[in-house]
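Enquirer: The structure's right below; bear with me while I get my questions together.
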Amino acid sequence: MAERITFLDDYQGVALKSANWSLLADRYEFDVVTAHIADADQLVSRLADSQVVVAMRERTAFPREVLERLPKLRLLVSTGMHNPGIDYRAAAQHGITVSGTDGSYAAVPELVFGMIIALDRNMVAEDNAVHEGNWQHTIGRGLAGATLGILGLGRLGSQVATIGAAFGMHVIAWSPHLTQERADQHGARAVGERELYSASDYLTIHLPLARGTRGLVGAEQLGWMSPRSYLINTSRGPIVDEAALVAVLEKRSIAGAGLDVYDQEPLALNHPLRKLTNALLLPHIGYVTEQTYELFYGQAVEDIEAFDAGSPLRLLG
């Protein structure tokens, strides 16, 4: 009898099309879940007969209380090489191997500038107007000469800096341990925390979610921003105090925000962000490209083959 691989949160239904799963078809049957399972009991029920689970990033959490109820689970593959939603210690204690995959690191910086340009040139409003029979009623500011602020100049933030410079923007950056030497490597000027917020026309966040970054962008920091500035968050929702952000957007204390991540995902239907015309809202698609999915699922096949051969790859934990 074949064992089972379950694919979670395959919203677009492309998991089986994105890699050559025929390599495993003689040993496994495939179970694809295209909707998010938020309830822990429903999740455990769906995975009860699965020996392998392929999880899409941290869309579905695997805390101890879930893992200990999945005695048949042997391998948990997470797309990406970091998943804060998995209790690695509990997985190890229950004999569950956790493997990861590489990711595409061009997709997020591309989306950042897509959002910046959409906000700067009022694309959503103009698109709506044209569809309604109207024509040209807003004025964009342009990016050349504007100041791009980057909170976190790591792997993604440094790519954003390079693209910003190509647009002719002045690039500044801050993070708790950023040095000017590091900033020089990416054509940025290191500034203090307050100057990052007050001087940026566009402020984009590129820090991982951790104890020290949760709520890092709070009411005080948002209060330092200009009424003409925009906040972009494609990192993780809880880095920004969401209630404080809603408040400044409602008051128009800042010009607007481009958000791809939220405290809770999917975003609740009655969430106040949904009512704000100065918030550009995307459904966490920063990494959602054909190239990224081919890499994610292609390496998931490799992870499963290696596990079955007794030599697991890309171990997490």
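The values are calculated or read from the model by the stated rules, or taken from the named source; none is laboratory data. For clarity, every value in this text was computed on a predicted model and none was experimentally measured. In this analysis, Cβ positions are derived from the backbone assuming ideal geometry, glycine residues included, and neighbour counts consider all displayed protein chains.
Enquirer: Please verify whether Val66 is in the same structural domain as Ala165 (by TED's automatic domain parsing), buried (at least 17 other Cβ atoms within 10 Å of the Cβ) and in contact with a helix residue (DSSP H, G or I) (Cβ under 6 Å, 6 or more places away or on another chain), treating the condition exactly as stated. Walk me through it before giving the result.
Expert: Details: in the same structural domain as Ala165 (by TED's automatic domain parsing): no; buried (at least 17 other Cβ atoms within 10 Å of the Cβ): yes; in contact with a helix residue (DSSP H, G or I) (Cβ under 6 Å, 6 or more places away or on another chain): yes.
The answer is no for Val66.
Enquirer: Please find, among Ile117, Ile86, Ile150, Ile163, the residue that is among the aliphatic types (A, V, I, L, M) and within 30 Å of Leu315 (Cβ to Cβ).
Expert: That would be Ile86, the only listed residue that is among the aliphatic types (A, V, I, L, M) and within 30 Å of Leu315 (Cβ to Cβ).
Enquirer: Among (1) more than 23 Å from Thr138 (Cα to Cα); (2) of a type in the set (Asp, Glu); (3) surrounded by fewer than 20 Cβ atoms within 10 Å (Cβ to Cβ), there is one condition Glu250 misses while meeting the rest; what is its number?
Expert: The number of the failed condition is (1).
Enquirer: Return the total of residues in the range 142-179 being out of contact with any helix residue (DSSP H, G or I) (no Cβ under 7 Å at 6 or more places or on another chain), within 16 Å of Asn233 (Cα to Cα) and of a type in the set (A, V, I, L, M).
Expert: Count: 1.
Enquirer: Anything in the range 164-205 that is under 25 Å from the mean Cα position of the chain (by Cα), surrounded by 19 or more Cβ atoms within 10 Å (Cβ to Cβ) and either outside the structural domain of Arg121 (by TED's automatic domain parsing) or aliphatic (A, V, I, L, M) (or both)? List them, or say none.
Expert: Hits for the range 164-205 are Met169, Val171, Ile172, Ala173, Leu178, Ala183, Ala188, Leu196, Leu203, Ile205.
Enquirer: What's the number of the only condition in (1) buried (at least 23 other Cβ atoms within 10 Å of the Cβ); (2) free of Cβ contacts under 8 Å to residues at least 24 places away in the same chain that Gly114 fails to meet?
Expert: It fails just one condition, (1).
Enquirer: Moving on to the next point. Quick check on this structure: which one of Asp308, Asp241, Asp263 is under 25 Å from Ala106 (Cα atoms), modelled with pLDDT of 95 or more and among the charged types (D, E, K, R)?
Expert: The unique qualifying residue is Asp263.
Enquirer: Do we find a residue being assigned to a strand (DSSP E or B) and not assigned by TED's automatic domain parsing to the domain that holds Glu265 anywhere in the range 8-24?
Expert: So in the range 8-24, the residues assigned to a strand (DSSP E or B) come out as none.
Checked the range 8-24: no residue is assigned to a strand (DSSP E or B) and not assigned by TED's automatic domain parsing to the domain that holds Glu265.
Enquirer: Next question, about the same structure. Considering (1) in the same structural domain as Gly100 (by TED's automatic domain parsing); (2) surrounded by fewer than 19 Cβ atoms within 10 Å (Cβ to Cβ), say which one Val301 fails and leave the rest.
Expert: (2)
Enquirer: Check the range 306-317 and report whether any residue there is within 30 Å of Gly215 (Cβ to Cβ) and assigned to a loop (DSSP other than H, G, I, E, B).
Expert: We begin by selecting, within the range 306-317, every residue within 30 Å of Gly215 (Cβ to Cβ); these are 316-317.
Applying the additional criterion that residues be assigned to a loop (DSSP other than H, G, I, E, B) yields 316-317.
For the range 306-317, residues within 30 Å of Gly215 (Cβ to Cβ) and assigned to a loop (DSSP other than H, G, I, E, B): present.
Enquirer: To continue, here is another question. Taking the options Gly223, Gly215, name whichever one is over 18 Å from the mean Cα position of the chain (by Cα), more than 20 Å from Ile117 (Cβ to Cβ) and surrounded by fewer than 17 Cβ atoms within 10 Å (Cβ to Cβ).
Expert: That would be Gly223, the only listed residue that is over 18 Å from the mean Cα position of the chain (by Cα), more than 20 Å from Ile117 (Cβ to Cβ) and surrounded by fewer than 17 Cβ atoms within 10 Å (Cβ to Cβ).
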